[in-house]
Every structure is written in C-alpha cells, then in structure tokens.
Amino acid sequence: MKADKRREEILSLIGNSENPIPASVLKNKFAVSRQVIVQDIAILRANGYDIVATNKGYFLNVKTVQTRVFKCRHTFEELVEEGFLVVDEGAKIENIFVNHRLYGKISARLDLINRMHVEELYRSLFSGASKPLMSVTDGYHYHTVSAESAEVLDRIEAKLRERGFLIEI
C-alpha cells in the first residue's frame with residue numbers, strides 16, 4: 001500500500017472511531033513499523049489535521065464549525081474592508097459565488113483566514129490580471145463564512161449590516 005493511501009485510511013480510522021486507536025493496532029493493520037505510523041501521524045498533523053496522541057492511542061480532534069452564507073454588495077475598493085470585518089472576528093471566508101443570469105452559479109474557493117490573505121487577494125485583483133467575480137453581477141455576491149460558533153457569525157452579520165455591505169435575503 002502506498003503511503004498516501006495508508007495515511008488516508010489512518011485518518012478515516014481515527015476519525016470514525018469512538019475510542020482512541022493505539023499505534024500498535026495501526027502498525028499491525030498496515031503491516032508497517034510503529035515508527036512509520038508515528039511519521040504518518042506527523043505528516044497528517046503537518047497537513048492541518050488535529051490528531052491527539054494519548055496513552056490509549058490516537059484520535060482526531062474535530063472542532064464544531066458553523067457556516068453561514070452572506071449576500072453582500074460593495075465596491076471593489078471596499079473588498080479589503082469587507083474581508084477584514086470577517087477575518088478580524090476569527091472566521092474564515094470559504095468562498096465567493098455569484099448567481100449569473102445566463103451562466104448560473106459561478107464560484108471560487110478563497111480560504112481567507114487573516115488580513116494578509118485578504119490583502120494578497122486584493123493585490124492580485126488590483127494588478128489587473130483578473131477581475132473580481134462580483135464584477136459580473138454589479139457588485140452583488142455571496143460568501144460562505146465559517147466560524148467556531150453562531151455567535152461569531154452573528155457579530156459578522158451585524159458588522160456587515162452596519163457597514164451597509166449586507167443584502168437581506
């Protein structure tokens with residue numbers, strides 16, 4: 001079995017188990033050394049998975065994430081301000097999408113989690129290489145935003161409304 005496939009299966013096993021899974025169980029299942037399992041876990045962690053090691057084995061720490069879709073409208077120059085309103089609350093702008101009358105839903109993954117990401121997006125759009133997706137719908141667009149709680153999403157909604165960016169659906 002290739003390493004990538006083994007790591008996928010390890011992630012599936014520890015993510016779907018009610019109890020921690022010992023390294024010895026994983027090493028026997030995949031017929032590899034304990035050190036290979038430890039390295040696989042380290043690589044999975046480096047890829048962003050919150051894997052916890054206990055004296056009883058490994059488990060995947062899954063955080064509860066809330067998501068909400070916001071319909072917004074603003075100018076190109078206000079793009080950074082909108083992004084900062086969201087990421088400053090500790091939330092993530094997952095994507096942007098528009099509903100084009102001819103082409104239907106057009107979306108792009110963003111994964112913006114901090115001010116630097118928002119500024120990089122603005123700089124790349126400002127360079128003129130591409131136009132923002134919202135430009136095809138006169139500034140109207142949607143964002144899927146994720147956060148650790150509904151309260152965070154409520155604060156973001158209130159700030160977007162206060163600033164005049166939020167369009168009531």
0 to 90° range, to nearest 10: angle between helix 150-163 axis and the chain longest Cα axis
20
Quote the relative contact order of region 66-163 in percent (integer), defining contacts as alpha-carbon pairs under 8 Å separated by 6+ residues.
44
List, in the order given, every pair from Lys63/Lys131; Lys27/Lys63; Lys2/Lys105 whose Cα-Cα distance in the structure shown is over 30 Å.
Lys63/Lys131; Lys2/Lys105
Any aspartates and glutamates whose Cα falls less than 19 Å from that of Lys29, other than same-chain ones fewer than 8 residues away, would be Asp4, Glu8, Glu9, Glu18, Asp40
Once you mark the GluC sites (Glu not before Pro) that are in a DSSP loop and have at most 11 other Cβ atoms within 10 Å, what is the longest gap between them in the chain?
19-167
Relative contact order %, the chain, counting alpha carbon pairs below 8 Å whose residues are six or more apart:
25
Mind checking which of Ile41, Tyr142, Leu153 is farthest towards the positive end of the chain's charge dipole, using Cβ charges of +1 (Lys, Arg) and -1 (Asp, Glu) about the Cα centre?
Ile41
With T = 37 °C, eta = 0.692 mPa s and Kirkwood Rh from C-alpha pairs, the Stokes-Einstein D of region 62-102 in µm²/s is about 268
If amide H atoms are modeled at 1.01 Å from N in the peptide plane, then the residues at a separation of 5 or more from Ser17, or on another chain, having amide H under 5 Å from its own are none
Taking amide hydrogens as modeled 1.01 Å from N in the peptide plane, which residues meet the under 5 Å criterion relative to Glu89, leaving out close sequence neighbours?
none
Distance between region 102-169 and region 33-101 - C-alpha centres, whole angstrom
16
Roughly what % of Cα-Cα distances in region 25-134 sit above 23 Å, to the whole percent?
50
For region 1-50, shape from the Cα gyration tensor axes a ≥ b ≥ c, cut at a/c of 1.5 then a/b versus b/c, turns out rounded
Helix 115-126 sits at what angle to the longest principal axis of the chain, using alpha carbons and giving 0 to 90 degrees rounded to 10?
50
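Each value in this text was obtained by applying a stated rule to the coordinates, not by laboratory testing. A quick note: this is a predicted structure, and the numbers were derived from the prediction, not measured. Neighbour counts run over all protein chains shown; Cβ positions are idealised from the backbone, glycine included.
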